[in-house]
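Participant: Handing you a structure now.
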Amino acid sequence: MGNPLKELKNSVNGLKQSLDGVKQSVEGLKEPIDEMKGNIQVTLEQAKDRSEEFKSEISRMKECVEETKLVVNEAKETVMEAGEVLYTQKRYKKLLKRNRKMQPAKAGNRLL
């Protein structure tokens, strides 16, 4: 049997060494965790930037859709007005033909 105080001291020293080993392990784990936190932060910032870009792109697309609607409406009005003009021209030509048929022929035209 050995000296109980010496054994206690050796045991305490062994525990101190174990504690130091645990501390070193924790320190070793802190670095990857800090790196991971940094990577997560960078990823979050990139995601926010992409989100803002996406929102900006959607707003731009909405503006384009509104502009396209305006152009389509303007083209529709132009086509409708052109149709009215063509209809009016057609009516005018019919009336003009009818008036020519109803007018008495001139003396010079009867001979032909």
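Participant: Which of the following residues is open to solvent by less than 100 Å² (accessible area, probe 1.4 Å), modelled with pLDDT under 95 and either in contact with a His (Cβ under 9 Å, 6 or more places away or on another chain) or not in a helix (DSSP H, G or I) (or both): G21, G2? First the steps, then the outcome.
Facilitator: Details: G21 fails: either in contact with a His (Cβ under 9 Å, 6 or more places away or on another chain) or not in a helix (DSSP H, G or I) (or both).
One residue alone meets the criteria, G2.
Participant: Another one. Taking the criterion of being open to solvent by 100 Å² or more (accessible area, probe 1.4 Å) and at pLDDT 90 or above, would at least one residue in the stretch 102-109 satisfy it?
Facilitator: no
Participant: Being over 29 Å from the mean Cα position of the chain (by Cα), in a helix (DSSP H, G or I) and at pLDDT below 95: is that true of L112 here? Explain how you work it out, then say what you get.
Facilitator: Working: over 29 Å from the mean Cα position of the chain (by Cα): yes; in a helix (DSSP H, G or I): no; at pLDDT below 95: yes.
The answer is no for L112.
Participant: If you don't mind, there's one more thing I want to ask. From the list V85, V12, which one is part of a helix (DSSP H, G or I), β-branched (V, I, T) and within 51 Å of the chain's Cα centre (by Cα)? Reasoning before the result, please.
Facilitator: Numbers: V12 fails: within 51 Å of the chain's Cα centre (by Cα).
Only one candidate passes the filter, namely V85.
The values are calculated or read from the model by the stated rules, or taken from the named source; none is laboratory data. The structure presented is a predicted model; accordingly, all values stated were derived computationally and were not measured. Every residue, glycine as well, gets a Cβ built from its backbone with ideal geometry; the counts of neighbours run over all protein chains shown. When the accessible area is computed, the model is the full protein with side chains, heavy atoms only, and any ligands, DNA or RNA have been set aside. Shrake-Rupley method; radii C 1.70, N 1.55, O 1.52, S 1.80 Å.
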